[in-house]
Amino acid sequence: MALNGGGAGSGILNLALKDVDELYACYMPFLKHGGLFIPTRKQFSLGDDVFVLLELMDETDKIPLTAKVVWVSPIGSTGHRRPGIGVEFPEDISENLVAKIETHLAGLLSSNRPTYTL
């Protein structure tokens, strides 16, 4: 997984999920419109809007989306939690994006493997 942020205080994140294991660990299917956990050390608050350029597996085009922060794992969280944020997909693109992600994760969605959030 590659992750790059913009400047300090920037709400722009690039997330490249190159394999199924990383996609599974980041995917948040329990959100109403689906979402992703984005490992980052940048500070965000619940409700913040974040612009994400998402690179999914072997797809040639990046997927641009503006998402809302709905989960925060701060630096120093207990357990094996990585610092980062969870973002919920916007309703207008969620159906297609969720279908695309769940196609990549076929057979893994019922797994009990831990993720970055649960």
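Checking (1) 43; (2) 36; (3) 39 against percent of Cα pairs over 20 Å apart calculated from these atoms, the matching label is (2). Using a cutoff of 8 angstrom between alpha carbon atoms and counting only pairs six or more residues apart, the relative contact order for segment 67-118 works out to 30 percent. Considering only the Cα atoms of segment 76-118, their convex hull presents on average a projected area of 3.9 nm².
For segment 22-29, what does the Karplus curve 6.51 cos²θ - 1.76 cosθ + 1.60, with θ = phi - 60°, yield as ³J(HN,Hα) per residue in whole Hz, taken in order and with x for Gly and Pro? Per-residue couplings from phi come out as 5, 4, 4, 5, 8, 5, 10, x Hz.
Where Rh is the Kirkwood radius over the Cα pairs of segment 39-104, the temperature 4 °C and the viscosity 1.567 mPa s, what D in µm²/s does Stokes-Einstein return?
Working: Rh = 13.1 Å.
Translational D for this selection: 99 µm²/s.
In the elastic network of the chain, a GNM with C-alpha springs shorter than 10 Å, the most mobile of Ala99, Ala25, Ala67 is Ala99.
Partner lysines whose Cα lies under 25 Å from the Cα of Lys100, excluding those fewer than 8 positions away in the same chain, are identified as Lys18, Lys32, Lys62, Lys68.
Counted over all Cα-Cα pairs of segment 29-77, pairs farther apart than 15 Å make up 53 percent.
All of the numbers you see were taken from the coordinates with simple rules; none came from a lab. What you are looking at is a predicted structure, and each value in this text was computed from that prediction instead of being measured.
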